[in-house]
Amino acid sequence: MSEPEECEQARLKRNLNELLQELRIAQAGVQILFGFLLSIVFTERYREVDQYVRTTHLITVLFAAASVVLLTAPVAWHRVLFRRGRREDVIEIAHRFVLVGLGTLAATMTGTVLLLAEVIVGGWIGIAFGVAAAIGFASLWFVLPWRERRRDTAESSAYLDRVKACDY
């Protein structure tokens, strides 16, 4: 294997390891939240809530399930394609799953805040808490990072060229 190929393989391995580490953090949180959301229907108080809260709960559970699927799918892809020379494909596909999974996780968290606020304070104040959560997640998880990404300049392009050449 030539030096550039070896450097590329090292970069791919590092990228995959970083991605899997990020997933471990997200997976644990979303699975705990999913279990919590599932258990709510078995409480005494759930029988008393109105249809709006029940519908919000169901939608939130569905977003949580989608989050679990999307944030665990990269592990399955990695395992199925293990030692097939497809590491770059796995990283690219996993990257997309994670971005969409973070979106569904943000929706899950927003729904959870909305549910809690509806039960505690109700009405427009509860909805305001849900909207504030949605704005917070959208801003901090997507809008601001993408804005920073768009600010990339020729300087960062030169850095990427050095990284690709394993001059790091």
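Taking the stretch 49-150 as the region of interest, the helices (runs of 4 or more DSSP H) fully inside it that hold 3 or more residues being modelled with pLDDT of 95 or more are 51-80, 87-120, 123-138.
In the stretch 1-48, how many are surrounded by fewer than 11 Cβ atoms within 10 Å (Cβ to Cβ), of a type in the set (A, V, I, L, M, F, W, C) and at pLDDT below 80? Residues flagged as surrounded by fewer than 11 Cβ atoms within 10 Å (Cβ to Cβ), of a type in the set (A, V, I, L, M, F, W, C) and at pLDDT below 80 within the stretch 1-48 amount to 1.
Considering the conditions (1) within 26 Å of the chain's Cα centre (by Cα); (2) surrounded by fewer than 18 Cβ atoms within 10 Å (Cβ to Cβ); (3) touching a residue at least 24 places away in the same chain (Cβ under 8 Å), residue 73 is excluded by exactly one of them, (2). Residue 24 meets the conditions (1) in contact (Cβ under 8 Å) with a residue 24 or more places away in the chain; (2) out of contact with any helix residue (DSSP H, G or I) (no Cβ under 8 Å at 6 or more places or on another chain) in every case but one. The failed one is (1). Here is the figure for the stretch 39-48: residues that are assigned to a loop (DSSP other than H, G, I, E, B) and either in contact (Cβ under 8 Å) with a residue 12 or more places away in the chain or under 15 Å from residue 122 (Cβ atoms) (or both) total 0.
The values are calculated or read from the model by the stated rules, or taken from the named source; none is laboratory data. Here the structure is a predicted model, which means the values were calculated and not measured. All Cβ positions, even for glycine, are placed from backbone atoms using ideal geometry, and neighbour counts span all protein chains on display.
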